[in-house]
1. Hey, any hits in region 34-55 for a residue that's touching a residue at least 40 places away in the same chain (Cβ under 8 Å) and surrounded by 13 or more Cβ atoms within 10 Å (Cβ to Cβ)?
2. Do we find that Lys3 is assigned to a helix (DSSP H, G or I) and either over 12 Å from the mean Cα position of the chain (by Cα) or modelled with pLDDT of 90 or more (or both) in this structure?
3. I need the full set of residues from region 6-33 which are open to solvent by 70 Å² or more (accessible area, probe 1.4 Å) and either under 17 Å from Lys68 (Cβ atoms) or out of contact with any Phe, Trp or Tyr (no Cβ under 9 Å at 6 or more places or on another chain) (or both), in order please.
4. I need every pair where a residue in region 4-26 that is within 17 Å of Thr40 (Cβ to Cβ) has its Cβ under 7 Å from the Cβ of a residue that is among the basic types (Lys, Arg) and modelled with pLDDT of 95 or more, sequence separation at least 6 or different chains.
Amino acid sequence: MTKPRLSLPFDGGKVRALRETAGLSLTDLAQRLTKQGHPTHRSTLSKIEIGTNGPSPRLFNALVKALKVKPQQLLADPATERRSA
């Protein structure tokens, strides 16, 4: 069974920037997600940050909580989306 993917314009680069600003490694973020009941491997986070994979809606919500940000902070800028399309 395929996991549902987020249908919003997600920006993995923003996850990386926010993670680094918070002084977290990929392992640190994976541990935060695991502690809140969403076990995630650091390689999964790496793929999300580089854009190879997108998060499920559940993981998206967990990332918002783990990074202590608003959901909008993880979404692509609509102007950037239009230019790249």
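1. To start, the set of residues in region 34-55 that are touching a residue at least 40 places away in the same chain (Cβ under 8 Å) comprises 54-55.
Subset that is surrounded by 13 or more Cβ atoms within 10 Å (Cβ to Cβ): 54-55.
Scanning region 34-55, I find at least one residue that is touching a residue at least 40 places away in the same chain (Cβ under 8 Å) and surrounded by 13 or more Cβ atoms within 10 Å (Cβ to Cβ), so the answer is yes.
2. No; evaluated as a whole, the condition is false for this residue.
3. If the condition is that a residue be open to solvent by 70 Å² or more (accessible area, probe 1.4 Å) and either under 17 Å from Lys68 (Cβ atoms) or out of contact with any Phe, Trp or Tyr (no Cβ under 9 Å at 6 or more places or on another chain) (or both), then Ser7, Arg16, Glu20, Thr21, Gln31, Arg32 are the ones that fit.
4. Note: pairs meeting the criteria are Leu26/Arg42.
The values are calculated or read from the model by the stated rules, or taken from the named source; none is laboratory data. Quick caveat, the model's predicted, so the values are computed rather than measured. Every residue, glycine as well, gets a Cβ built from its backbone with ideal geometry; the counts of neighbours run over all protein chains shown. Only protein heavy atoms, including side chains, enter the accessible area calculation; ligands, DNA and RNA are left aside. Shrake-Rupley method; radii C 1.70, N 1.55, O 1.52, S 1.80 Å.
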